[in-house]
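Presented below is the structure to which this report refers.
The values are calculated or read from the model by the stated rules, or taken from the named source; none is laboratory data. Everything numeric in this text was worked out from a predicted model, so none of it was measured. Here the Cβ is made from the backbone with ideal geometry for all residues, glycine too, and neighbour counts use every protein chain on show.
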Amino acid sequence: MTTVNAYLNFRDTCEEAFKAYEKILGGKIIAMVKAETPDMGGPDFVGKIMHARMMVGTAVLMGSDSPQNRERTPQGFAVNVTAETPAEADRIYTALAEGGQQMMPIAETFWAHRFGMWVDRFGTPWMVNCEKLNMGRP
């Protein structure tokens, strides 16, 4: 079976980000591997996160810190969170958007009880969606 998962890159904040995501999303970090030698990304990369893995329900979110010469600003995607209730959508939006940049305030739309977009304080683009209709979800 083929699966598709988001893999996020951070500028030295992977551990902090994943701990925040775990708390806010109710996930469980199942791996947090630190670089132990300079050959894993250079001398400045020792102690940084070279791989993190978290389960959120049945979904997997992965990430790592980026060695300095490979840093890129995330663009052209967003991590989507599907909330079961409007209250849950509001809570997630408020918690993850704190200290970040709002792109679309959370509000009702024609397809969703609640929908909002933002870039969190770690630089990750997010969307939260609490659908009115079953938009093809099992």
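Descriptive notes on the structure:
- Test: Val79 is of a type in the set (A, V, I, L, M, F, W, C), in contact (Cβ under 8 Å) with a residue 60 or more places away in the chain and within 30 Å of Ala35 (Cα to Cα): yes
- Here segment 89-124 is the region considered, the condition is being within 20 Å of Ala20 (Cα to Cα) and charged (D, E, K, R), and the residue that is surrounded by the fewest Cβ atoms within 10 Å (Cβ to Cβ) is Glu98.
- Residue tally, condition assigned to a loop (DSSP other than H, G, I, E, B), touching a residue at least 12 places away in the same chain (Cβ under 8 Å) and on the phi < 0 side of the Ramachandran plot, over segment 1-29: 5
- Condition met for Met32 (outside the structural domain of His113 (by TED's automatic domain parsing), over 30 Å from Thr109 (Cα atoms) and part of a strand (DSSP E or B)): yes
- Any hit, segment 96-108, residues being in contact (Cβ under 8 Å) with a residue 40 or more places away in the chain and charged (D, E, K, R): no
- Taken together, the residues in segment 41-63 that are touching a Cys at 6+ places or on another chain (Cβ under 8 Å) and at pLDDT 95 or above amount to 2.
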